[in-house]
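Inspection log for the structure reproduced underneath, given as structure tokens.
The values are calculated or read from the model by the stated rules, or taken from the named source; none is laboratory data. Small disclaimer: the values here were computed from a predicted structure and weren't measured. Please note: Cβ atoms are built from the backbone with ideal geometry, for glycine as well, and neighbour counts cover all protein chains shown.
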Amino acid sequence: MKGYLKTTAGFVLSATMASVSHADVTIGELQGFTGPLESMIGAMSGGANLAVTEANASGNYLQGTINVVQGDSVCIDPAVAIAQAEKMINDDNVMAIMGPNCSGNTGAVITNVLVPNGIVSISPSATSPALTTLEDGGWFFRTAPSDARQGPVLASIAMSRGQTDMAVTHSNSDYGKGLADAFVTAYEAMGGTVTVMAGHDDDKADYSADVAALSAGGSATLAILGYADTGGRGIIAASEDTGAFSDYVFGDGMISAVTSGCCCRWIMGYFTFS
């Protein structure tokens with residue numbers, strides 16, 4: 001059963017912890033401390049460790065101590081995420097994992113580590129719709145909703161703002177592709193027109209050619225469904241340098257100080273910018 005409510009995930013994690021016979025337990029924190037979500041991880045890590053600190057300080061948790069070991073998934077390399085998760089289980093003896101973050105890594109960890117070892121994982125940010133139907137054996141939960149929800153909400157916001165035509169670019173990742181498909185499907189069903197849709201890589205030095213191709217459709221609005229720390233930032237920079245677009249729509253992966261120069265709106269839990 002898939003779930004993304006914090007209460008559901010919390011109950012599962014608590015129940016798993018309670019089944020441990022010894023007082024001290026170890027939880028793995030597998031997050032993208034480096035990579036395309038690096039600027040967001042500080043807050044996620046801080047929240048997780050604050051909860052552990054408060055639980056330990058209360059003295060009420062099994063009269064013992066919750067320990068945390070960290071691992072860097074680098075967010076977009078499944079092999080690294082799998083290796084880190086296996087180390088946590090085999091060497092650190094974790095009984096649960098907080099993370100991973102990026103959808104592609106999360107799917108790989110579910111299939112290759114969580115299911116074979118029977119370990120609970122709760123991701124704070126893996127939003128790909130594909131994770132909803134992935135066979136996880138009941139071991140995986142997430143506190144962020146699927147992009148099957150974000151896509152239609154973002155489309156509705158865009159239409160309500162009069163953004164009836166736009167170019168769309170997405171990260172060539174499980175996250176970017178999943179969100180772009182959900183957004184475009186809903187947007188076009190609402191009467192919106194996508195003039196150009198194209199993926200972008202996240203490790204390029206120059207995005208001017210990408211932006212030129214996107215602007216060739218003639219729209220003044222660009223939806224960027226990617227990562228603010230990598231390709232998304234490059235797309236914005238190239239667009240601003242050339243004046244290719246004057247209006248933007250961003251997905252949740254674009255929340256960053258990179259976009260602080262834009263006019264930001266917080267609507268129904270999602271950021272859009274113009």
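Pull up segment 132-153, narrow it to residues that are part of a helix (DSSP H, G or I), of a type outside the set (Asp, Glu) and touching a helix residue (DSSP H, G or I) at 6+ places or on another chain (Cβ under 6 Å), then point me to the one that is nearest to Ala81 (Cα to Cα). The selected residue is Ala148.
Right, Ser128: among the hydroxyl-bearing types (Ser, Thr, Tyr), assigned by TED's automatic domain parsing to the domain that holds Asp72, touching a helix residue (DSSP H, G or I) at 6+ places or on another chain (Cβ under 6 Å) and part of a loop (DSSP other than H, G, I, E, B) or not? Yes: the conditions hold for Ser128.
Evaluated against (1) assigned to a helix (DSSP H, G or I); (2) within 21 Å of the chain's Cα centre (by Cα); (3) surrounded by fewer than 22 Cβ atoms within 10 Å (Cβ to Cβ); (4) not acidic (Asp, Glu), Pro116 falls short on exactly one condition, (2).
Determine whether Ala167 is more than 19 Å from Ser103 (Cα to Cα), in contact with a Pro (Cβ under 9 Å, 6 or more places away or on another chain) and either in the same structural domain as Ala244 (by TED's automatic domain parsing) or part of a helix (DSSP H, G or I) (or both). Considered against the rule, which asks whether it is more than 19 Å from Ser103 (Cα to Cα), in contact with a Pro (Cβ under 9 Å, 6 or more places away or on another chain) and either in the same structural domain as Ala244 (by TED's automatic domain parsing) or part of a helix (DSSP H, G or I) (or both), Ala167 comes out as no.
Of the residues making up segment 237-254, those that are surrounded by fewer than 18 Cβ atoms within 10 Å (Cβ to Cβ) and of a type outside the set (D, E, K, R) are Ala237, Thr242, Gly243, Ser246.
Look at (1) farther than 28 Å from Asp201 by Cβ; (2) in contact (Cβ under 8 Å) with a residue 60 or more places away in the chain; (3) among the small types (Gly, Ala, Ser); (4) out of contact with any Gly (no Cβ under 8 Å at 6 or more places or on another chain) and you find that Gly35 fails only one, number (1). Against the numbered list (1) without any contact (Cβ under 8 Å) to a residue 40 or more places away in the chain; (2) outside any helix (DSSP H, G or I), Lys87 comes up short only at (2).
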